[in-house]
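A short worksheet on the structure shown next.
Just so it is clear, none of the values below were taken in a lab; they were calculated from the coordinates. This one's a predicted model, so the numbers in the text were calculated from it and none came from an experiment. Note that each Cβ is placed from the backbone with ideal geometry, even for glycine, and that neighbours are counted across all protein chains shown.
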Amino acid sequence: KVKRVKEKKKRIQSHDNPPKKRVKETGENNKADNVAAKDLGISAEEFKKVFGSFKKEIISNDDLVSMLTRALGISNNNRNAIKKAYYKKAREWHPDNNNGNKVKEIKIKVINKLYGEYEKRRKEGGLI
């Protein structure tokens, strides 16, 4: 009988305080995402692809390099230039350096995903 009472109390408490829906921080069409995408020079469609899957059919190697160089603000697409620009932007936009700036948080997430995929494909031999 005591067990049933405890279970009933748990059910009542769960109805009083329903769990909050978890909202994605990025990938949804909100103001910060739009501002970050615009600042990075990435279209809304490309932005959605970044937070979707990186299948080679969806984003080709050339498109990936193009998006990464635009996001980093460089015109040279050789490996050393990309790496140098990535580390510079990562330091500049890191959340520890920008207290609560959502746009810069999203920017760093975008370039992290792009650079991670770039390095993965480069190690596989698909990129130079």
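So the values come out like this:
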{"read-out": "Approximate spin-label separation Glu7-Ser60, in nm, with each point projected 7 Å along Cα-to-Cβ", "value": "6.0 nm"}
{"read-out": "Burial ranking of peptide ranges 41-48, 118-125, 65-72 (average Cβ count within 10 Å, highest at the top)", "value": "65-72, 41-48, 118-125"}
{"read-out": "Size of electric dipole in the stretch 34-128: Cβ of Lys, Arg +1 and of Asp, Glu -1, about Cα centre, debye, nearest 20", "value": "240 debye"}
{"read-out": "Cross-link reach list, aspartates and glutamates versus Lys31, counting only Cα pairs under 14 Å and skipping chain neighbours closer than eight places", "value": "Asp39, Glu105"}
{"read-out": "Check: the stretch 81-128 dipole with +1 on Lys, Arg Cβ and -1 on Asp, Glu Cβ, in debye", "value": "120 debye"}
